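Worksheet for the structure shown next.
The values are calculated or read from the model by the stated rules, or taken from the named source; none is laboratory data. Just so we're clear, the structure is a prediction, and the values are computed from it rather than from any experiment. As a convention, Cβ positions derive from the backbone with ideal geometry for all residues, glycine included, and neighbour counts pool all protein chains shown. Heads up: the accessible areas ignore ligands, DNA and RNA and are worked out on the full protein's heavy atoms, side chains in. Shrake-Rupley method; radii C 1.70, N 1.55, O 1.52, S 1.80 Å.
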Amino acid sequence: MTTVAAKPATMAQALQRAMRDAMAEDPSVHVLGEDVGTLGGVFRITDGLAKEFGEDRCTDTPLAEAGILGTAVGMAMYGLRPVVEMQFDAFAYPAFEQLISHVSKMRNRTGGSMGMPLVVRVPYGGGIGGVEHHSDSSEAYYMATPGLHVVTPATVEDAYGLLRAAIASDDPVVFLEPKRLYWSKAEWSPDAPTEVAPIGKAVVRRPGRSATLITYGPSVPVCLEAAEAAKAEGWDLEVVDLRSLVPFDDETVCASVRRTGRAVVVHESTGFGGPGGEIAARVTERCFHHLEAPVLRVAGFDIPYPPPMLEKHHLPGVDRVLDAVARLQWEAES
Amino acid sequence: MTVQELPGAGAAYRPAPPPAWRPRTDPAPLLPDPEPYRVLGTGAPLDRALMLRLYTELIRGRRYNAQATALTKQGRLAVYPSSTGQEACEVAAALVLQEQDWLFPSYRDTLAAVARGLDPVQALTLLRGDWHTGYDPHEHRIAPLCTPLATQLPHAVGLAHAARLKGDDVVALAMVGDGGTSEGDFHEALNFAAVWQAPVVFFVQNNGFAISVPLAKQTAAPSLAHKAVGYGMPGRLVDGNDAAAVHEVLADAVARARRGGGPTLIEAVTYRIEAHTNADDATRYRVDAEVAAWRDHDPIQLLEAELTSRGFLDDSAKKAAAEAAETMAAALRERMNAEAELDPMDLFAHVYAEKTAQLREQEAQLRAELAAHENEDEGER
């Protein structure tokens, strides 16, 4: 096997490359959305696809999210594999009825005779100074809808591997792109063999013995940084990157918590009714006798996403994670 | 400071039109005729074979509506939204399509699906409650009967667009009611179809009421067909109880779509003789005189009178159509009276292509519950 020199690549480039490779391999893959063609998307994730594959394969649509997703449903009914871009998290809301009433249920409604092999790409989350309606973390809405897969990469390699897997999936995938990681870099070469990451598998990003940080997407780098900082306090933290919220990898998560005996769930979505409640409950139900302390949550506050000049107070950062870790000294307190 | 006081404003100021602006098209040809288009009673030439086929299907359709309504009264169907009075629209929609074309029905369009060839029992699965869509959409190219309003319209656009990209000769016919035209998806579908010049026909059955709300409270447009103009597609207005006219207008639009002419919006003016469903009391929002007037403009009577006067239809042909409908109804009754065979484990069968670990756990839980019940039952015996 020849080794290819890896150069720094951004998550944005890896996502673009994933669509390009999928489109080159499979003529049924079509990209559609607002601004995805000539402009290459407002984040340039679809840059060059219209030029390379033509406007019929990478299509600038009218500005209408329900229409974009609704026509994609029809395209999938006819055997295409649409990859839809919702420009920003909160712009996807007009398409919710299509997503919930049709995309997620078509296989079920038709007794398995009509699948929905489409991908809805949603740039999500804050931390980029976006104004109102540009920074929502909407994953809980998607997670609550049976029939959808919900995945979110945290690394450049996963961005490629998970998007390839999402496009190849015979089921609909809501692909959440942490937009503040778009410009994160890693040594990665698309020309080197890149694993297509299976959907539904979490990964231990950093092994540790004293507690598990369960996280995903934009909060993964935060947790890795917190784990480094926690070494000074004598904590050896394990960081589990979920990668897939649905299906949920109970096995990897619970194996980690059973090893460490303590867990904190970290995400920037709101805490109340948020993904962390579900995750904490699952861990408690399965690992109760291994737990030395309650499963804690570090989440965004239960507020509408704040204006950009205040978002640093809302987003869970390293200090807030470390505070939670300190509270895992349950026995000492009781 | 008022606008008049702004520097440069005033009598001397003449705003120039923005550069290169002009209307995209002359809207006049897109405007529908003010009166619904009619064929029956006008002396227009009629295709005898087609008319007899329409007639047979109308008779069968009305019998189907009556039988299905009776099944709701017997508790065999949870609900049945009858299309009695609208059969001409239902039947014409089905007959106008070629085999490779796709039909996108709403929940009231069971008859269109049956007239296209769907098993009458499979068409009622949703309404009986044993599954949602009781058929494979690919088999007759009929999308699932759609309960949310107008959400199937963008699907029709996407499918037709995809087929054209693949170079296939496929037209999609999407059906919606007058109430559905108020939904955002109606707008988005028409807009996408016109921009993409997709081979789609949008077929609105204006039956007067969205459950209880009359058309005047639904729209201020002169007609629903007028809405086409704003999207840049032709709008046609047709008498929805004139089977020959509905078929002709739909056939024109389908042919236009097939030759690359793009989408058409058709409004058929008709009337829902029955209530919205058996759960609705129509006497609360409409008067008997109105219903009686529409009963006098009945699609079956209109066609029967015309075909009889032209010598296309005699008593023996009428009798044959009635008997065929009765046979269908008897078979439907018998099959619907048989208990549905359901497998509870199907709950988990079609959520994902491959079951998640969580669904496998829940499947095991239900299996254990069922086994426990079975053991209890045996213990009691």
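Just one residue in the set A:VAL122, A:VAL131 is over 23 Å from A:PRO275 (Cβ atoms) and either out of contact with any Leu (no Cβ under 8 Å at 6 or more places or on another chain) or crowded, with 24+ Cβ neighbours inside 10 Å (or both); that residue is A:VAL131. Within the stretch A:247-263, the set of residues being away from every other protein chain (no Cβ under 14 Å) and under 19 Å from A:ALA197 (Cβ atoms) comprises A:SER256 only. Within this structure, B:VAL229 fails the test of being surrounded by fewer than 16 Cβ atoms within 10 Å (Cβ to Cβ) and either over 16 Å from B:LEU190 (Cα atoms) or among the aliphatic types (A, V, I, L, M) (or both).
With the condition kept exactly as written, say whether any residue in the stretch B:361-381 is assigned to a loop (DSSP other than H, G, I, E, B), open to solvent by less than 60 Å² (accessible area, probe 1.4 Å) and either out of contact with any Leu (no Cβ under 8 Å at 6 or more places or on another chain) or modelled with pLDDT of 95 or more (or both).
Within the stretch B:361-381, none of the residues are assigned to a loop (DSSP other than H, G, I, E, B), open to solvent by less than 60 Å² (accessible area, probe 1.4 Å) and either out of contact with any Leu (no Cβ under 8 Å at 6 or more places or on another chain) or modelled with pLDDT of 95 or more (or both).
Just the residues that are among the aliphatic types (A, V, I, L, M) and in contact (Cβ under 8 Å) with a residue 40 or more places away in the chain, please, taken from the stretch A:107-133. Correct list: A:MET116, A:LEU118, A:VAL119, A:VAL120, A:VAL122, A:ILE128, A:VAL131.
For beta carbons closer than 8 Å, sequence separation of 6+ or different chains, a first residue in the stretch B:205-216 that is at pLDDT 95 or above and a second that is aliphatic (A, V, I, L, M) and part of a strand (DSSP E or B), the qualifying pairs are B:GLN205/B:MET175; B:GLN205/B:VAL176; B:GLN205/B:ALA268; B:ASN206/B:ALA268; B:ASN206/B:VAL269. For the stretch B:53-107, which positions are out of contact with any Ser or Thr (no Cβ under 7 Å at 6 or more places or on another chain) and aromatic (Phe, Trp, Tyr)? Passing the criteria: B:TYR55, B:TYR64, B:TRP102, B:PHE104. Modelled with pLDDT of 95 or more and more than 16 Å from the chain's Cα centre (by Cα) - does that describe any residue in the stretch B:246-253? Looking through the stretch B:246-253, at least one residue is modelled with pLDDT of 95 or more and more than 16 Å from the chain's Cα centre (by Cα). Taken as a whole, the condition of being open to solvent by 10 Å² or more (accessible area, probe 1.4 Å) and either under 10 Å from the mean Cα position of the chain (by Cα) or charged (D, E, K, R) (or both) does not apply to A:ASP171.
Hey, any hits in the stretch A:242-254 for a residue that's modelled with pLDDT of 95 or more, crowded, with 19+ Cβ neighbours inside 10 Å, under 21 Å from A:GLY317 (Cβ atoms) and not polar (S, T, N, Q)? Checked the stretch A:242-254: at least one residue is modelled with pLDDT of 95 or more, crowded, with 19+ Cβ neighbours inside 10 Å, under 21 Å from A:GLY317 (Cβ atoms) and not polar (S, T, N, Q).
Scanning the stretch A:2-28 for residues that are at pLDDT 95 or above and aliphatic (A, V, I, L, M) turns up A:MET11, A:ALA12, A:ALA14, A:LEU15, A:ALA18, A:MET19, A:ALA22, A:MET23, A:ALA24. Within the stretch A:40-55, the set of residues being touching a residue at least 12 places away in the same chain (Cβ under 8 Å) and open to solvent by 20 Å² or more (accessible area, probe 1.4 Å) comprises A:VAL42, A:PHE43, A:ARG44, A:ASP47, A:GLY48, A:GLU52, A:PHE53, A:GLU55. Go through the residues of the stretch B:332-347 one by one and say whether even a single one is modelled with pLDDT of 95 or more, more than 38 Å from the chain's Cα centre (by Cα), open to solvent by 80 Å² or more (accessible area, probe 1.4 Å) and over 30 Å from B:TYR55 (Cα atoms). Among the residues of the stretch B:332-347, not one is modelled with pLDDT of 95 or more, more than 38 Å from the chain's Cα centre (by Cα), open to solvent by 80 Å² or more (accessible area, probe 1.4 Å) and over 30 Å from B:TYR55 (Cα atoms), which makes the answer no. Taking the stretch A:292-318 as the range and being crowded, with 20+ Cβ neighbours inside 10 Å and among the hydrophobic types (A, V, I, L, M, F, W, C) as the test, the residues that pass are A:VAL295, A:LEU296, A:VAL298, A:ALA299, A:LEU315. Close Cβ contacts (under 9 Å, 6 or more residues apart or on different chains) running from residues in the stretch B:236-248 that are part of a strand (DSSP E or B) to residues that are acidic (Asp, Glu) and open to solvent by less than 10 Å² (accessible area, probe 1.4 Å) comprise B:ARG236/B:GLU267; B:LEU237/B:GLU267; B:VAL238/B:GLU267.
Going by the structure shown, is A:VAL203 open to solvent by 30 Å² or more (accessible area, probe 1.4 Å), within 22 Å of A:ALA280 (Cα to Cα), β-branched (Val, Ile, Thr) and under 15 Å from the mean Cα position of the chain (by Cα)? I'd like the intermediate steps shown before the answer.
On the way: open to solvent by 30 Å² or more (accessible area, probe 1.4 Å): yes; within 22 Å of A:ALA280 (Cα to Cα): yes; β-branched (Val, Ile, Thr): yes; under 15 Å from the mean Cα position of the chain (by Cα): yes.
Yes: the conditions hold for A:VAL203.
Summed over the stretch B:277-310, residues that are more than 26 Å from B:PRO45 (Cα to Cα) and not in a helix (DSSP H, G or I) total 8. Against the conditions (1) farther than 20 Å from B:ALA268 by Cβ; (2) within 14 Å of the chain's Cα centre (by Cα); (3) surrounded by fewer than 24 Cβ atoms within 10 Å (Cβ to Cβ), B:GLY179 satisfies every one except (1).
Is it the case, given these coordinates, that A:GLU195 is in a helix (DSSP H, G or I) and surrounded by fewer than 21 Cβ atoms within 10 Å (Cβ to Cβ)?
Values: in a helix (DSSP H, G or I): no; surrounded by fewer than 21 Cβ atoms within 10 Å (Cβ to Cβ): yes.
Here the answer is no, as A:GLU195 does not meet what is asked.
All of B:THR84, B:THR56 fail the test of being of a type in the set (Val, Ile, Thr) and over 16 Å from the mean Cα position of the chain (by Cα), apart from B:THR56. Restricting the stretch A:82-103 to residues that are under 20 Å from the mean Cα position of the chain (by Cα) and surrounded by fewer than 22 Cβ atoms within 10 Å (Cβ to Cβ), which is nearest to the other protein chains (Cβ to nearest Cβ)? By that ranking, first place goes to A:ILE100.
What helices (runs of 4 or more DSSP H) completely inside the stretch B:98-175 contain at least 3 residues that are within 9 Å of chain A (Cβ to nearest Cβ) and within 27 Å of A:ALA64 (Cα to Cα)? Walk me through it before giving the result.
Numbers: elements: B:110-115, B:125-128, B:137-140, B:152-165.
Output list reads B:152-165.
Suppose the filter is among the basic types (Lys, Arg) and open to solvent by less than 30 Å² (accessible area, probe 1.4 Å); does B:ARG295 pass it? Reasoning before the result, please.
Numbers: among the basic types (Lys, Arg): yes; open to solvent by less than 30 Å² (accessible area, probe 1.4 Å): no.
So B:ARG295 does not fit the description; no.
None of A:GLY41, A:GLY37 is assigned to a loop (DSSP other than H, G, I, E, B) and either of a type in the set (Lys, Arg) or touching a Cys at 6+ places or on another chain (Cβ under 6 Å) (or both) except A:GLY37. Filtered by the rule that a residue be crowded, with 21+ Cβ neighbours inside 10 Å and more than 17 Å from the chain's Cα centre (by Cα), the stretch A:261-286 gives A:ARG262, A:ALA263, A:VAL264, A:VAL283. Being open to solvent by 20 Å² or more (accessible area, probe 1.4 Å), closer than 30 Å to B:TRP131 by Cβ, more than 8 Å from chain B (Cβ to nearest Cβ) and assigned to a helix (DSSP H, G or I) is a property that A:ILE68 lacks.
All conditions in (1) under 30 Å from B:ALA225 (Cα atoms); (2) surrounded by 15 or more Cβ atoms within 10 Å (Cβ to Cβ) hold for B:PRO27, with the sole exception of (2).
Taking the options B:ALA150, B:ALA123, B:ALA160, name whichever one is of a type in the set (A, V, I, L, M, F, W, C), under 14 Å from B:PHE104 (Cβ atoms) and either surrounded by fewer than 19 Cβ atoms within 10 Å (Cβ to Cβ) or within 16 Å of the chain's Cα centre (by Cα) (or both). Selected residue: B:ALA150, the only one of B:ALA150, B:ALA123, B:ALA160 that is of a type in the set (A, V, I, L, M, F, W, C), under 14 Å from B:PHE104 (Cβ atoms) and either surrounded by fewer than 19 Cβ atoms within 10 Å (Cβ to Cβ) or within 16 Å of the chain's Cα centre (by Cα) (or both).
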